[in-house]
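Visitor: Got a structure for you, questions after.
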Amino acid sequence: YYDKGGRRAAASVTLDAGAFDNLLQDVARTGPPRELQLRGREGDVRVVPLLQLAAPAPAGPRGPFVGRDSELLMIGAALNRTAQTGIVQLITVFGEAGTGKSRLVEEALAGRVGARVVRGTCRAYGEGSTWSALGELLTDLTGLPGSAGVAALERDRPDLAGVWHVLSSLLGEGDTPVSPVDVALALARVLVAVAEDEPLIVVLEDLHAAAGPLLDVVPAVAHRLDQTPVAIVVTARPELLEHRQGWGKSLRHVVGMTLRPLPEDQARALAKALLPDDEVGADLVHAAAGGNPLFIEQLAQARREGADISDRAVA
């Protein structure tokens, strides 16, 4: 981690195996422990692979959805266009941490009928992290874990012959190397087949954490979905553009937006909604959070728990 002066620092703590497992059981999924020899350490070291983190539980009451009206309209219009015309859309919501990317997408999808939503989250850690988001998406799509769902789709739909071979390798259940081109083609075939029954909205969260091959696959899939009622909604931090400067430019139908901190009046309204009986606290939260919705919620929760936030400021 980095200390307050911006210097790289480190800290460690030693736990016995039982205490370690108890701490992680509700917040993470881990793989089997293994013993490794590490350079500079004598003897074997017991390590536990981290495969997946659980979604964090809300720290307190969630604030109302404020601002973002124009962005909400943009996403809604793009989704309506896909559902009504079959014109595929790639919708990308950029924003720094805490600016409300996921909340915006959630609000845009709330109450939407006539389309099925499937999701995957990109992670920069864990076994098979390169393709784990697509694994989650396929599980959500089929209702069956791993490649079992893809196998069931292929059995039910003769037009999908061969997709299991590619996608099972992607999910780590095969030993045949697959290229991003093969993955894009197989995944597009699956989405086209499923979208024949109902329009699809594919949500990929935190694409900035994805490895290079997945960044190649997403636009390649969209390119292969001509005249198919599928919308792909992506959230990402701006650093995605450091890896893919021309993100989405090869496609014909692209919607992109960047979320900034909330304007002062909207940020103040959110702080007051979270602390309705504490005007002083709401003013302190508003001043410290810099318009970041997540920071406003976190600081409001800290205020409710008795923390002194008068000297806190968020850069």
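The values are calculated or read from the model by the stated rules, or taken from the named source; none is laboratory data. The model shown is predicted, which means the values in this text are computed figures rather than measured ones. Every residue, glycine as well, gets a Cβ built from its backbone with ideal geometry; the counts of neighbours run over all protein chains shown. What goes into the accessible areas is simple: the full protein's heavy atoms, side chains included, and nothing from ligands, DNA or RNA. Shrake-Rupley method; radii C 1.70, N 1.55, O 1.52, S 1.80 Å.
Visitor: Taking interchain pairs and intrachain pairs at least six residues apart, which have beta carbon atoms under 8 angstrom, with the first residue in region 167-189 and closer than 20 Å to residue 89 by Cα and open to solvent by less than 40 Å² (accessible area, probe 1.4 Å) and the second modelled with pLDDT of 80 or more and in a loop (DSSP other than H, G, I, E, B)?
Guide: 183/131; 184/224; 186/162; 188/224; 188/225
Visitor: Please go through region 241-262 and give me each residue that is more than 19 Å from residue 97 (Cβ to Cβ) and in contact with a Gly (Cβ under 7 Å, 6 or more places away or on another chain), ordered by number.
Guide: 248, 254 - these are the residues of region 241-262 that are more than 19 Å from residue 97 (Cβ to Cβ) and in contact with a Gly (Cβ under 7 Å, 6 or more places away or on another chain).
Visitor: Please count how many residues of region 96-132 are at pLDDT below 90 and part of a helix (DSSP H, G or I).
Guide: 1
Visitor: Residues being without any contact (Cβ under 8 Å) to a residue 40 or more places away in the chain, in a loop (DSSP other than H, G, I, E, B) and either surrounded by fewer than 16 Cβ atoms within 10 Å (Cβ to Cβ) or touching a Pro at 6+ places or on another chain (Cβ under 7 Å) (or both): count how many of those fall in region 231-247.
Guide: Residues in region 231-247 being without any contact (Cβ under 8 Å) to a residue 40 or more places away in the chain, in a loop (DSSP other than H, G, I, E, B) and either surrounded by fewer than 16 Cβ atoms within 10 Å (Cβ to Cβ) or touching a Pro at 6+ places or on another chain (Cβ under 7 Å) (or both): 3 in total.
Visitor: Across region 248-283, what is the number of residues that are open to solvent by 30 Å² or more (accessible area, probe 1.4 Å), within 30 Å of residue 86 (Cα to Cα) and of a type outside the set (Val, Ile, Thr)? Working first, answer last.
Guide: Step one: list which residues in region 248-283 are open to solvent by 30 Å² or more (accessible area, probe 1.4 Å), which gives 249-250, 252-254, 256, 258, 260-261, 263-266, 268-269, 272-273, 276-280, 283.
Next, only the ones that are within 30 Å of residue 86 (Cα to Cα) stay: 249-250, 252-254, 256, 258.
So of that shortlist, the ones also of a type outside the set (Val, Ile, Thr) come out as 249-250, 252-253, 256.
Residues in region 248-283 being open to solvent by 30 Å² or more (accessible area, probe 1.4 Å), within 30 Å of residue 86 (Cα to Cα) and of a type outside the set (Val, Ile, Thr): 5 in total.
Visitor: Name every residue in region 56-84 that is under 28 Å from residue 264 (Cα atoms), at pLDDT 90 or above and among the charged types (D, E, K, R), in order of residue number.
Guide: The answer is 68, 69, 71.
Condition check ((1) in contact with a helix residue (DSSP H, G or I) (Cβ under 6 Å, 6 or more places away or on another chain); (2) touching a residue at least 60 places away in the same chain (Cβ under 8 Å); (3) more than 30 Å from residue 291 (Cα to Cα)) across all residues:
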residue	(1), (2), (3)
69	no, no, no
77	no, no, no
80	no, no, yes
95	yes, yes, no
98	yes, yes, no
103	no, yes, no
106	no, no, no
118	yes, yes, yes
